[in-house]
């Protein structure tokens with residue numbers, strides 16, 4: 001039995017034993033063990049290299065950074081980055097996170113630095129971090145300019161695909177002296193992804209059970225907003241065997257009309273939300289039934305609620321989202 005001390009390890013219980021996936025239970029037990037082993041290895045106090053060894057890295061904005069030694073104090077300004085840092089066992093280096101960083105539970109003990117519009121620059125200055133990690137999307141926010149003007153090293157990432165997530169894991173492993181644990185985690189995820197995609201029984205049954213795989217992704221139902229093919233959410237949809245009906249759109253998160261959705265006649269509707277609020281979910285189902293009456297998704301009761309944190313955060317938990325959608329499609 002694996003025992004993790006001090007609640008430092010993310011809860012990776014995907015409830016696989018309760019889900020009747022077409023891939024057998026042994027596979028999901030293997031998945032759980034591989035991920036836990038990767039994280040357990042990552043939480044080792046042993047370093048991959050000498051802590052005083054210099055390290056260089058290029059971020060997703062193609063900016064090069066060199067550190068004379070391994071960073072000892074880092075700040076994460078995005079929840080998916082915080083999750084990744086914990087997954088590779090480098091959480092002891094986390095000196096501060098955003099108010100939105102809530103996974104794993106152990107992150108609640110970290111200093112909170114505000115959000116996108118209320119960043120606590122004084123607290124950041126008191127921490128004096130060796131590096132700040134954020135998303136490429138933040139570059140256009142005042143927050144980035146302010147931190148850049150203060151002279152901090154700011155590394156930006158922009159993961160939109162599974163491969164991008166793997167690169168992010170390995171980049172952080174290199175930066176934070178967790179190369180081996182990052183490699184263990186990324187190798188495990190790649191192996192699991194390949195097994196998911198080779199599940200021919202599921203994909204054959206999917207074709208039989210659905211009139212099609214046309215899918216409407218709902219970021220919001222009022223107003224109706226979706227996501228195009230350049231988003232991380234679209235990657236989850238593709239890995240789940242579905243086709244985003246707005247994949248070819250030019251805007252990443254466009255507002256769309258009720259009439260256009262009905263004309264495209266989606267077979268599945270996937271909505272991000274709080275999956276623990278059953279009353280709100282019931283209200284949303286009623287709303288969608290009225291808005292998109294007549295579509296295949298409504299007629300066949302194929303509305304799938306997915307935890308918004310799984311859909312919106314491009315973290316190592318990507319395959320949890322895929323597995324959940326596959327499970328719901330089989331119901």
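Derivation of every value follows stated rules applied to the coordinates shown; laboratory data play no part. A quick note: this is a predicted structure, and the numbers were derived from the prediction, not measured. In this analysis, Cβ positions are derived from the backbone assuming ideal geometry, glycine residues included, and neighbour counts consider all displayed protein chains.
Using the count of nearby Cβ atoms within 10 Å as a rough guide to exposure, how do 261, 117 rank from fewest to most?
117, 261
Return the distance in nm (one decimal) between the two label points of a simple spin-label model at residue 300 and residue 146, each offset 7 Å from Cα along Cα→Cβ. Roughly 4.9 nm, to one decimal.
Projected label points at residue 52 and residue 293, each 7 Å from Cα along the beta carbon direction, are separated by 7.5 nanometres. Our note on the geometry: Cα centres of segment 210-229 and segment 75-137, 31 Å apart. Among beta bridges from DSSP that stay inside segment 201-330, the antiparallel ones total about 20%. Look at 323, 250 and count the other Cβ atoms within 10 Å of each Cβ; fewest to most, that gives 250, 323. A Förster radius of 41 Å, combined with the Cβ-Cβ distance separating residue 120 from residue 195, puts the computed FRET efficiency at roughly 0.40. Here residue 248 and residue 278 are evaluated by their C-beta separation; at R0 = 30 Å the FRET efficiency comes out at 0.30.
Exposure proxy ranking for 61, 123, 239, based on other Cβ atoms within 10 angstrom of each Cβ and starting from the fewest, stands as 61, 123, 239.
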